[in-house]
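Below you'll find the structure, written out as structure tokens, and then a few comments.
The values are calculated or read from the model by the stated rules, or taken from the named source; none is laboratory data. Note that this is a predicted model, so its numbers are computed, not measured. Neighbour counts run over all protein chains shown; Cβ positions are idealised from the backbone, glycine included. The accessibility values were calculated without ligands, DNA or RNA, using every heavy atom of the protein model including side chains. Shrake-Rupley method; radii C 1.70, N 1.55, O 1.52, S 1.80 Å.
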Amino acid sequence: MTEAEVAEKIMAAFPRMKELRQARDEFSPFDYESDDYLVEIKSRRKAYDPWIIEQLKVDTNVAIAESVKKDFIYVNAFELLLYIWNISKLIREDYDFGFEDREMPWTTDFEAVQIISKRTGYLYSKDAIIVNTEEL
């Protein structure tokens, strides 16, 4: 699914949510926002458990979200499923992301040859809201 399709599915799954609007700046650290949320969307070719999230993404988006009185939502889409975490809420509940340094490709394109160290944490499927988009 494209980011736009994922955003549409989120709004269909949560009809009381205010409309998600694409971020104005193409270099924004988040993809969509509503009156209450900043949303980062990742479409994956494979399901994971745990899923990985970069600490820089968490820190940057939570700081922005707090400054505008919103929550930061992280979404991984795989096939027909959306795995949705309210990162701001997890932080308020002292969630242990288990941040550690990992050697990873510089970009999510796994053909990239440059490997760098990234500070990453983990999000477990059991802690996500899982939405099956097949019937939306």
> Rounded to the nearest 5, what % of the DSSP beta bridges within segment 31-110 are antiparallel ones?
Replying inline: 50 percent
> For the residue pair R24 and D36, what label-to-label distance in nm results when each label sits 7 Å from Cα along the Cα-to-beta-carbon direction?
Replying inline: 2.3 nm
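What number comes out for accessible area per residue over segment 1-92 if the probe is 1.4 Å? Units Å², please.
Working: 5280 Å² over 92 residues.
Counting only protein heavy atoms, the per-residue value for segment 1-92 is 57 Å².
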> Hey, if you put +1 on the Cβ of every Lys and Arg and -1 on every Asp and Glu Cβ in segment 59-136, which of G121, N86, I64 ends up farthest toward the positive end of that dipole?
Replying inline: I64
> Classify segment 37-95: rounded, prolate or oblate, from the alpha-carbon gyration tensor (a ≥ b ≥ c, eigenvalue square roots; a/c under 1.5 rounded; otherwise prolate if a/b is larger than b/c)?
Replying inline: prolate
> Rounded, prolate or oblate: which fits segment 12-60 when a ≥ b ≥ c are the square roots of the eigenvalues of the alpha-carbon gyration tensor, with rounded for a/c under 1.5 and prolate only if a/b beats b/c?
Replying inline: oblate
> Given the Cα-Cα distance of M17 and F99 and 0.36 nm per residue of separation, how much length would full extension add, in nm?
Replying inline: 26.5 nm
> Based on the Cβ-Cβ distance from Q114 to E54, what FRET efficiency comes out when R0 is 25 Å, to the nearest 0.05?
Replying inline: 0.95
>> Sequence gap of 8 or more, or different chains, plus Cα separation below 17 Å: how many lysine pairs satisfy both in segment 1-106?
In response: 9
> At A4 and S67, where each label point lies 7 Å from the Cα along Cα→Cβ, what is the point-to-point distance in nanometres?
Replying inline: 2.9 nm
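Ignoring ligands, DNA and RNA, what percent of the accessible area of the chain is carbon or sulfur (1.4 Å)?
Numbers: 4190 of 8570 Å².
Carbon plus sulfur share of accessible area: 49 percent.
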> Counting DSSP beta bridges in the chain, what percent are antiparallel, to the nearest 5?
Replying inline: 75 percent
> Once the whole set of protein chains is in place, how much accessible area is left on L136, using a 1.4 Å probe, in Å² to the nearest 10?
Replying inline: 80 Å²
> Whose amide H sits under 5 Å from the amide H of S43, counting only residues 5 or more places off or on another chain, with H placed in the peptide plane?
Replying inline: A77
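Going by accessible area, probe 1.4 Å, with all protein chains left in place, what is the ranking of W106, W51, largest first? Spell out each step's value before the answer.
Working: W106 150, W51 5 Å².
Largest accessible area first, the list is W106, W51.
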> How large is ³J(HN,Hα) for each residue in segment 85-97, as worked out from phi by the Karplus curve 6.51 cos²θ - 1.76 cosθ + 1.60 (θ = phi - 60°), to whole Hz, x for Gly and Pro?
Replying inline: 10, 8, 4, 4, 5, 4, 5, 4, 8, 6, 4, 8, 6
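Dipole of the chain, Cα-centred, from +1 at each Lys and Arg C-beta and -1 at each Asp and Glu C-beta, to the nearest 20 debye? Don't jump to the answer; show the numbers that get you there.
Numbers: 18 positive and 28 negative charges, 27 e Å.
So the magnitude is around 120 debye.
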